[in-house]
Every structure is written in structure tokens, then in C-alpha cells.
Amino acid sequence: DAGGYIADVNPAFSRITGYRRDEVIGRSPKMLSSGHQDAAFYARMWQSLRDTGAWRGEIWNRNKAGEVYPELLSIAAVKDTQGLISHYIGSFSDITHLKEREVQLDRLAHYDPLTSLPNRRLLSDRLRQALAHTRRAGKILAVCLVDLDNFKPINDQHGHAAGDQVLVETAQRLRDCVRDKDTVARIGGDEFVLLLQDLEWVEECDSVLSRLLQRLTQPIRLAEGAEVAVSASIGLTLFPQDGVEAEVLLRHADQALYQAKQAGRNRYRLFDVAHDRLVQAHHRLIDDLALALAKNQFVLHYQPKVDMATGQVLGVEALLRWRHPERGLLLPAEFLYALSHSELEIPLGEWVLEAALQQLERWQAEGLQLSVSINLAPRHLLQADFPARLAESLARHPQVPAASLELELLESSALADLEQAARAIKACQALGVRVALDDFGAGYASLAYFKSLPVAVLKIDQAFTRDMHEDAEDCNIVEGVIKIAAAFGREVIAEGVETIEQGILLLHLGCRLAQGYVIARPMPADSLARWLEQWSVDSAWKNMASLRLQREDLPLVLLETLHRSWVKQLIAVIEAEPGELAPPPQRHACRFGQWLQGPGSSRHGQSEGFGLIQALHEQMHELAEQLLAEHSQEPQRARSGIAKIRALQEQLNEAIYSLIATLMY
């Protein structure tokens, strides 16, 4: 009625609510209230009735048995002839079955039917909510991607029903290992996602994931009675340390999962943000290089190779440069690493080959008779069809003699597939093209391997050439490569020659061919003619053509290098903190001193200046022992003696060079 009390009901009311007609007449509808709606809800309902004369909506009521049910309710106000409300008519229906169906559809849409875990769609919503919550709370969110190891064999051996049982048990174990506030979702197959919220510090993940990995490895008993065991690999990333978008976090967790799999499985790996930045930069660089190739931004510079004894220029090595539109001319170290095993390796190699042949053709027309060596990626040179493509390139430049082209192959790549490398080298040589083995000594060649490779030239790795005056082991390696080349009748050339002294030592050791900064830096093609006009070999090198040490006197040169290394080690010890570095060999273990007392004394004891060498060497060891003793007590005082050690070393070197000069023949 107009006062809000029940005036009458029909049988359907009694059937739905359980109340008889006589039990409700004259009572307020509030008797049906479930408590699910608050006072504000009812205030809005009555306001709508007063303003519009109608209201419609869903409401939860309670029946006589105390059960709560949903109903769809429509209320209309009935007015009399004066326009005043005389009573209200309410019409409702029980929509429990609709609500149940809605829940079922929601569950199908948002939950995995096998494990009852949230599926990918609901995970996406939960992850967005977790990100928003983490921003507000100022804490850490861990996004973990879990993948079972060796799950497929269970399906194969025991059937899909057994596999489903393992997935259900895994889901339960995952739930058991996390808190109620965390999310466990299954996104397909044997992949799960964990969202660990409100972490105070990163180390909290360690305990959770370690406990989880241990729990998952426990055996599972199948319905058929057999026991199976699985493990899991987990990749995780942290917000806000990494990324701001849900999709990015999941992708990064997947990359970390891959690292966990690669590391041996049954472990977890944290996504490395710094490494990912490097990967992204690598991809951008590859794209830029592809554009550079398309826009012809690459250019070749050429570094001369000479005979140090005669000064003859034998040829040049073509070295790649990138004319970057913004950064200027870039050296290979700044971009070439990105090309390794990329799709650009071979197209760029073809460009280098064509550019070198074109330049040779221009030099031929100008009357310059030079050879050019080019570096090609191992994957390019060792392709089965490379000799055929090389023949086609040579055919496009008939004025260029094939012998003026040399291909450089890295030693390590040649040994990776010895048979294929040997076939490729022979095929190139059949066309008249020479092949050099680059960076020789840096790989792991044995004489048996080397014998199988029909290369014409060995190039000594510049890392050994550069340091052979300071490092006796490098000097020994250089000497060994030179001897190998001589034994097999191959040419040998040293890269990275930067000082006249290095050239002298190489000539003493039997290597005449060299390239390096002391001869010339790589230059544009149009600068080479001017350099050739100005080039002259150093007189110290030229003299070596007629003046050589006898083989018996070479130890004097080599041991002088060894002694430089000893002095360098001594100074490093004194400059470091006490006990930080091991001291160099003492007087009785010094190889130079042993040579001076033994073979050196026998051969040169009567030579003028040999006594001075012995005296200076003895002074250096006495001073070294004094400084090392002081270093343990007064490091700073010991360091003040470094200048005197260096001065004695210079005097010793001058005395050695003077003796060497008297031994030349």
C-alpha cells in the first residue's frame, strides 16, 4: 500500500519465498531483506519510485528457510484520480538459474577447466591489478613463468590421463607454496604463471622459489599405481625494476625461463635487464647495418704489406669501414661483431669481394700492380657454392689477375670443419686465388691439421706480435709460427707491427713480411698512390737483409725480451699492495741470468761489453731484492725505487744491443 506495507500477494510469491499469504499481509517487505544491499541502495530505489513512478533491478532476498536468492524485481507506483499514489505493484522472478549459468560462463571464460586455476585471460586482468597495486604500495611484484621439465615423456609412457593428474597435482603444489594474495595461473600445456605481490626485497623470491622447486620434485603417485617425478624451470622478472607493461614483463620472464632451461633445468633465473638492453641494441644495430648496405655506406680502406728487408710493397689488406651518417667513420670493432651468424654476413661479404675487385681493376688501369687480401666470414667462405660465385665475380673483372686476390680465413673457423675448409681452399686455388690463414697461433691447430690445409700464407696474430718484446711466451709463439711456416714452405707475415724494434726482432727470427702502424695505417684507396711515392723502409730493417745473427746468438734477443717481462712483473708487484701479487723469479731462477752464467759466458765471455751486461744484470737483481724486502714493510719507499729499476733496464738494453751489433754478419 501507499504506506509501504504488503497488501496482497499471489501464489507465485508464496512458492518463491516460502511464506503463506496470511504470514505477510500487513508486514513490511523488509522481512525479505538479505542484508546484501545497504540503506543507500533502498534510498535510491524509493527516490526513483517517487520521481518516476517505477524502478527495476536485481536484488538479493532471503526466503523463509533462510536461503538467499537473486530476483529480478519491477515496482510500479499506481496513482488515484487526484494523482496521488494509492499503492504499489511489485513483480519479480527468481533468477537463480540465470546467476548460476552466469557463474558457469564466467568460470569457463576465466578459469582453466582442468586445474581450476585462472587462465590467460584472467591472469591478464590480475596482472594489471597487481601492477596498479604495486605502484601504490611502493613494493615489489615478481612475475614468474614456470615450465615443467620432462613432462612429455609422462604423457607418452602413461597416457594423457596420467599427464592431467600430474598437472592437477602441480597446480595444487603451486597453490600450497604461495600466499592467498598471490596468483597462480595456468596459461596452457605445462606452463604456469605466479604473481608474487607485496615483496619487501628481492631475496624473498629466493626462499619462495627454492621451496617451490623442491616441492615440485617430490614423486607423484598415479592412479595406476606408478610413481613419476618432474622438476620445473622458472624464469622471473621484477616490477618496477623491469618494464612498465604486463606484456613486456611476461616476455622477459619467458626469456629468463629459456636461460634456466639452457643452464640445466630444475632452477630459476632472474631476467637480466642490462643484458636485454644489449640484445635490443644488437637488433637495432643489425637493422642499421642492413640499411647501411642498402644505401652503400660501407667503404674499404687499405693497409700495405711490405718486405721489411727490401722495402718492397707486396700488396694491401682491405679493411671494412662504415661511413655512418651521424657518427662518422666507424672501425670494424664498433659494428662487425653484430654481423656474426646474422643474415647480413654473406651479402656484406659479397659486397667486400666486389668492391675489392673493382678497386684492383682501377689500380690495374693506373699501372699499380698490387694484390689485395680480403677477410670473409667463415660461414661465407665455407659455403658449398662459394667457389662458383667467386668464379663469377672474377669473370666480371677479366682485367684483374686471379693471383692478385687473396682470401683470409680465420684459423679457428678453418679447424671447425677441416674437410670442408680444405675443399674450399683447393677450389679457390684452382681459380688462381691464394688463401691465407689469419690470426695463426690464436686457435688450436696441430701440425696434422695444418698439413691438411693447403694455405699459401700464415698470418701471425697481432696480439702476439704487439707484445713479443714484453712477453717471452708471445715471442716464443711467434718464433714457433715462423718455424712452422718455414718447415711447410709457406709464406709468413706478421700483423700489428707497431715499432721498429718489433720489426728487428721479427727479422732476427726469420720473418720478413709485415704490416702494421709503423709501416702505414689503413688508408682510403685514393691515398695509396701518394703513400707509395713517400714510402721508404727503415734503415735498421734494410741492414738486416745483409746482417743477421747466427742461430746460436738468437737467445740473446729472446732472453732480453724475457727480462723485459721480468722487470714488468717486478714493477707490478711493487706498485700493488703487499701480498696482492706473487713476486717474479729470484736471482737463481732467472733464465737470463742462467744463460749469462752458462751458454752466454761460453760464447761471449771474451766479447767487449759482455762483462757490463753481467754487472748490470747483477745490480738489477740486488736492487729488486732490496725493493721487495722494503715493500713488505714500507711500500711507498719501495715504490720510489721503480725509477732506478727502469734506468738500469735501459742501460742493460743498450749494452745488449751494443753486443748484438758486434755479432751481426
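With the cut-off at 30 Å, tell me which of the pairs Lys305/Lys644; Lys64/Lys181; Lys542/Lys644; Lys99/Lys181 have Cα atoms farther apart than that.
Beyond 30 Å between Cα atoms: Lys305/Lys644; Lys64/Lys181; Lys542/Lys644.
How much of the calculated P(r) for the chain lies past 32 Å, in percent of all Cα pairs?
Tail fraction, whole percent: 72.
Select from Gly4, Leu505, Ile484 the residue farthest towards the positive end of the dipole of the chain; place +1 on Cβ of Lys and Arg, -1 on Cβ of Asp and Glu, and compute about the Cα centre.
Gly4
Rank these residues by their accessible area, most exposed first, probe 1.4 Å: Thr52, Thr115.
Thr52, Thr115
To the nearest 10 square angstrom, how much accessible area does Phe41 have with a 1.4 angstrom probe?
Answer for Phe41: close to 40 Å² accessible.
Within the chain, which is the longest segment containing none of the GluC sites (Glu not before Pro) that sit in a DSSP loop and have at most 16 other Cβ atoms within 10 Å?
In the chain, the maximal stretch lacking such sites is 68-199.
Based on the alpha-carbon gyration tensor of segment 113-230, what equivalent-ellipsoid semi-axes (square roots of 5 times the eigenvalues) come out, in whole Å, largest first?
Result for segment 113-230: semi-axes of 29, 15, 10 Å.
Quote the relative contact order of the chain in percent (integer), defining contacts as alpha-carbon pairs under 8 Å separated by 6+ residues.
Once normalised by length, the contact order is 7 percent.
Which whole-angstrom value gives the distance between the alpha carbon centres of segment 475-534 and segment 210-269?
Using only Cα atoms to place each centre, the spacing works out to 55 Å.
Working from Cα positions, state the angle (0 to 90°, nearest 10) between the long axis of helix 246-262 and the longest principal axis of the chain.
Computed tilt is about 50 degrees.
How much of His588 can a 1.4 Å solvent probe reach, expressed as accessible area in Å² and rounded to 10?
Its accessible surface works out to 140 Å², give or take rounding.
Per residue of the chain, what 222 nm ellipticity follows from adding -39500 (n - 2.57) for every DSSP H run with n ≥ 4, rounded to the nearest 500?
Computed mean residue ellipticity for the chain: -15000 deg cm²/dmol.
So what is the accessible area of the chain per residue, in Å², with the probe set to 1.4 Å?
I get 51 Å² per residue for the chain.
Report the relative contact order of segment 233-354, percent, no decimals, based on alpha-carbon pairs under 8 angstrom and at least 6 residues apart.
That works out to 17 percent.
Given +1 on the Cβ of Lys and Arg, -1 on the Cβ of Asp and Glu, and no further charges, what dipole in debye does the chain carry about its Cα centre, rounded to the nearest 20?
Approximately 1620 debye in magnitude.
Run the numbers on segment 474-602 and let me know its relative contact order in percent, using alpha-carbon pairs under 8 Å that are six or more apart.
19
For segment 330-391, what is the charge dipole size about the Cα centre, in debye to the nearest 20, if Lys and Arg each add +1 at the Cβ and Asp and Glu each add -1 at the Cβ?
Using Cβ point charges on Lys, Arg, Asp and Glu, segment 330-391 gives about 120 debye.
Give me the distance between the Cα centres of segment 295-325 and segment 386-410, rounded to whole Å.
The distance from the Cα centre of segment 295-325 to that of segment 386-410 comes to 17 Å.
What percentage of all Cα-Cα pairs in segment 1-137 are separated by more than 19 Å?
64
Kindly give the semi-axes, whole Å and largest first, of the ellipsoid equivalent to segment 1-77, taking each as the square root of 5 times a Cα gyration tensor eigenvalue.
20, 16, 11
Quick check: the angle from helix 472-487's long axis to the longest principal axis of the chain, C-alpha only, nearest 10 degrees?
70
Enter the angle in degrees (range 0 to 90, nearest 10) between the Cα long axis of helix 160-176 and the first principal axis of the Cα atoms of the chain, meaning the one along which they spread out most.
Value to nearest ten degrees: 90.
Residue-wise, which Karplus ³J(HN,Hα) couplings in Hz belong to segment 205-217, taking 6.51 cos²θ - 1.76 cosθ + 1.60, θ = phi - 60°, and x for glycine or proline?
4, 4, 5, 5, 6, 5, 5, 5, 4, 5, 5, 6, 7
The values are calculated or read from the model by the stated rules, or taken from the named source; none is laboratory data. Source: prediction; values computed, not measured. Cβ atoms come from the backbone with ideal geometry, glycine included; neighbour counts cover every protein chain shown. The protein model used for the area step is the full one, side chains on, heavy atoms only, and it has no ligands, DNA or RNA in it. Shrake-Rupley method; radii C 1.70, N 1.55, O 1.52, S 1.80 Å.
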